[in-house]
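In what follows, a structure is listed as structure tokens, so that the remarks can point back to it.
Each reported figure results from applying straightforward, stated rules to the coordinates on display, with no laboratory input. Quick caveat, the model's predicted, so the values are computed rather than measured. Cβ: placed from backbone, ideal geometry, glycine included. Neighbour counts: every protein chain shown.
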Amino acid sequence: MTELPKAYDPATVEPELYKDWDGAGLFHAEPDDDGEPFSIVIPPPNVTGSLHVGHALDNTIQDVLVRRERMRGRNAVWIPGTDHAGIATQNVVERLLAAEGTDRHTLGREAFIERVWQFRAASGGTILTQLRELGASADWRREVFTFDEVRSRAVREVFVALYEQGLIYRGNRLINWCPRCETALSDIEVEHKDVDGQLTRFIYPFVDGERDATGQAAGDAPVGMEVATTRPETMLGDTAIAVHPDDERWAAAVGRHVRHPFQDRTFAVIADDYVDPEFGSGAVKITPAHDPNDHAMAERHDLEIIDIFDETAVTTDVVGERFAGLDRFEARKRVVQALEEEGLLVGVETHRHSVGHCSRCDTVVEPRLSLQWFVSMRPLAERAAQAVRDGAVEFVPQSSTKPFLDWLDNLHDWCISRQIWWGHRIPAWYGPDGEIRVCREDIDEPGWLQDDDVLDTWFSSQLWPFSVFGWPDDTPELSTWFPTSTLVTGYDINTFWVSRMVMISLWFTDKAPFKVVHNHGLVRDEHGKKMSKSFGNVIDPLDLIHTYGADATRFALLRSAAPGTDVPLAEEWVEGTKRFANKLWNAGRFALANLDGRRPGALPAVADLSIEDRWILSRLERMHANVDAAYDAYDWPVVARNLYHFVWDEFADWYLEAIKIRVYGDDPAAADVARSVLAYVLDRVLRLLHPFMPFVTEALWRALTGATGGTDSLMVADWPAPDSRLADADIERDFDVLKGLVTEVNRFRSLNGIAPSARFDVKVTSARAELLTEHGGLVATLARLSSVDVVLALEDAPGRSTIMFGGGQAQVDLRDLIDIGAEIDRLDREIARIDAELAKVAGKLSNESFVARAPEDVVARERARHAELNATREELEARRTSLGAIDD
RNA sequence: GGGCGCGUAGCUCAGUGGGAGAGCGCUGCCUUCACACGGCAGAGGCCAGAGGUUCGAUACCUCUCGCGCCCACCA
């Protein structure tokens, strides 16, 4: 037996065990290994990233799943890897360059990309190393990268195939543009935030000659069209004014023309259903180049489209000398000012509205007309939605399903080209005569140039569940582990990533990429606030691991991580779970010190077991069933609670105390039984707890079993099978009576200021006299009494005991002698059942044709049955009523 | 504007048609031979509010109030 230190020290235990597992190849799996395949692919973290608590939670859950399935004998693999993270990584490296006083344009494309690869080489392994500290049992020999050769080939294949199928196309459309990143963005890379903006109202004057031409009286005819906008600068690109066709106020204006106050042009007033007559004046200025709705209207009415900005959202010469060369926000000010000077400004009011921001750099996104590559999503989305409706992909929790389907049903085409350099370059080449070729092999012919753009980073990560296994090649890995088993991720990227994996996987492999999507919540601080640097409430998981250990960190995260709900976390809570690890450690130490070398094995015959043995085994069984069910339901807090409560409140606080009599006593046979049960229970607990706390359980298990490490490890030991024969409600109830009495004595002692060390006699009156008499010695030991004397059974008052001490006495309440609530429940169910049966019989008897025509003996039998049921029912009612009275 | 969720002890949260719970925090006692990263005991809650269903509601239904999240091209 190994000497274990008094306090559990994760820092000395964890790194050593991890090295041992890894060295023995326990994380590694091969396709032809035994067992039903089980696979998880890591949601690849950004290659430049470092571990934050969100990663810690996400990866802990994955590790829990893999560890449990591995113990259950499945051929389990967990594929680790990283994402090249296009814009995010490019931004990081650009910041580095800026610090060096240069930029990517000075460097040039090739040198820049080289620089990013260098950066990746230097820092790319960080997060995966940190995952090892967390205890992640990923198959490191299978590490992959979204931008490595195999994954790039998959990207190329998918792009070309979709192009050939007509699902990828190039088009000049209004897209989201980040003027800071100078690239297009997809819809979901835009974050909408409510901001207090301004609504500017101003007048477009009618063309004077036309007003005369309409023949309207000069006096009551409007001098112009009043419009309202949150973005006055866009008026520099207005090419129409729209009103609702049924709006009588403006009916006469339709077809007339207004004069642009700052440019030498005029445009028409048109009618379109889109306009909401209730808003503002009922007239809308139309800027086709800078607003999606306006652009759609321009297509309907064949309006002129004037793009007023360059790629950095600075106005170009087309707006005229007065406003050219201005940043959009400066232009906004100047336009309002100019409108005022011209006497056209009606007013400016504050207006709260939603504004899109770049999810990478928080710059206000500009709708921009530009030539980009798109994926037609509708056909893909329909298949994905169908798969979800058919249950081929299941969400845990289920509440994620509806938003997911809603999103799929309203999907727009996906803009996949990015005007950045770091990423998979679009495999399209443009020939000297303007022809386009999209192909799997690079074109190296004179006059042919490859498209400058790269793909949205999610284009490659959507392939992850099969690209990691070598797709499009038909590898053994692919056929064994694809489709994967469970995808673990926060609900925040269901649309970004999960949806696209489902769509593309079905499209190219005819299979959903995973059976279950397990959504966990976002890790927040202890008051539910989002962790952010500016709040100063960020918790670094590595600090936690170094201070409290990986086990404590994992357990603290899991115990709050109910599916789909956000996960509050505070450092003190991790400290609390470290105490739990320590409690387990010391329970283990006690066991080892008293097992006298006994290893876990078969249980002694039931006849030899003491009441506390049978109790702890029953509790173990119940806990085991709960834990298995909760594991299957991805309900980590319930798993955690069950194990925590069992280990601390039942195993340590009661069972270990109770067996001291036998273990320290002088009956070798009795001690031997106690040791057998002790070893058995501890072994079970360590196995069940291992996925949550792999290190402390492994360390104890090796000491307990004499396992030598390497392939002889708890990590690959069998997951225990439940043994329902050990569950025994009667024993539990009996032991609860003994516990209740001990607690009463403790309370009596505490309330009366009697020293814990003082020994005295108690006399007990109780309905469970026999039980208390039989186990008086146990109660006396646990309650530190000199004797327990059961003097009387009070059968007419169950649940009432009297403890006598010296001259005084105390009435105590032992309600748990009978579980009244449960019994009432049972009676209620029974009564309901009988009521249902009674109704049936009564129905027959009240049916005249039945009574008249059925043979007499049949009718008689039914009558007897009716009477019998009634009698039983009355009896049950009576018992229920009397219990209800006790239950006050 | 649409969808979803939540209001239970000071804090974070479980919970069930019939005794109101846990962890942390707080109070008192205790260095009892695994553990002071501990043990024993205690204080603390009209289970957001109103109505309904029921013998009985913290739980089921409706509404109100408060909070949060996601989605959305109304200037």
Extension gain, A:ARG759 back to A:ASP264 (0.36 nm per residue minus Cα-Cα distance, nm): 167.6 nm
Positive-pole candidate from A:GLN90, A:ASN642, A:ALA591, dipole of chain A, charges at beta carbon: A:ALA591
Efficiency of FRET between A:THR126 and A:ASP451 - r from beta-carbon atoms, R0 41 angstrom, step 0.05: 0.80
Shape of segment A:654-735, Cα gyration tensor, a/c cut at 1.5: oblate
Cα centre as origin, Lys/Arg/Asp/Glu Cβ charges: segment A:26-83 dipole, Debye: 260 debye
0 to 90° range, to nearest 10: angle between helix A:149-164 axis and chain A longest Cα axis: 60 degrees
Percent breakdown of C-alpha pair distances by 10 Å bin, ordered from the shortest bin, for chain A: 2, 10, 15, 16, 15, 13, 11, 9, 6, 3, 1, 0, 0
Per DSSP, loop chymotrypsin sites (Phe, Trp or Tyr not before Pro) in segment A:516-599 with at most 10 further Cβ within 10 Å: A:PHE535
Dipole magnitude of chain A about its Cα centre (Cβ charges: Lys, Arg +1; Asp, Glu -1), debye to nearest 20: 2140 debye
20 °C / 1.002 mPa s Stokes-Einstein diffusion coefficient of segment A:683-787, Kirkwood radius on C-alpha pairs, µm²/s: 124 µm²/s
Helix axis angle, A:856-886 relative to chain A longest principal axis, alpha carbon, degrees: 90 degrees
Added length on full extension, which subtracts the Cα-Cα distance from 0.36 nm per residue, A:ASP246 to A:HIS412: 56.7 nm
Ranked A:LYS515, A:LYS19, A:LYS739, criterion: other C-beta atoms within 10 Å, fewest first: A:LYS19, A:LYS515, A:LYS739
Theoretical gain in end-to-end length, A:VAL223 to A:ALA570 [0.36 nm per residue, Cα-Cα removed]: 118.5 nm
Projected label distance in nm at A:GLU657 and A:LEU751, using a 7 Å step from Cα toward the beta-carbon: 1.8 nm
Which of A:ILE308, A:ILE203 has the fewest Cβ neighbours within 10 Å, and the rest in rising order: A:ILE203, A:ILE308
Distance in nm between pseudo-label sites at A:ASP9 and A:GLU435 (7 Å out along the Cβ direction from Cα): 7.5 nm
FRET efficiency for A:ALA111 and A:THR708, using Cβ-Cβ distance with R0 set to 56 Å, rounded to 0.05: 0.55
Nearby aspartates and glutamates by direct alpha-carbon distance to A:LYS529 (threshold 13 angstrom, same-chain neighbours under 8 apart not counted): A:ASP566
Table column - 3J(HN,Hα) (Hz), segment A:586-603, Karplus curve with 6.51, -1.76, 1.60, x for Gly and Pro: 6, 4, x, 4, 4, 4, 4, 6, 10, 7, 6, x, 5, 9, x, x, 5, 7
Estimated distance in nm for a label pair at A:SER479 and A:ALA625, the labels positioned 7 Å out from Cα along Cα-to-Cβ: 4.3 nm
Neighbourhood charge, 11 Å Cβ-Cβ cut-off, centred on A:THR316 and excluding it, Lys, Arg +1 and Asp, Glu -1: -4
Restraint check, A:LYS333/A:LYS533; A:LYS285/A:LYS333; A:LYS578/A:LYS660; A:LYS533/A:LYS578, Cα-Cα greater than 22 Å: A:LYS333/A:LYS533; A:LYS578/A:LYS660; A:LYS533/A:LYS578
Chain A: antiparallel DSSP beta bridges as a percent of all, rounded to 5: 70 percent
Percentage relative contact order, chain A, counting C-alpha pairs under 8 Å, at least six apart: 13 percent
Neighbour-limited loop hits for GluC sites (Glu not before Pro), segment A:305-399 (at most 13 other Cβ within 10 Å; DSSP other than H, G, I, E, B): A:GLU321, A:GLU342
Inverse of mean 1/r across different Cα pairs in segment A:111-180, Kirkwood, Å: 16.0 Å
Those trypsin sites (Lys or Arg not before Pro) in segment A:401-472 that DSSP places in a loop and that have at most 13 other beta carbons within 10 Å: A:ARG440
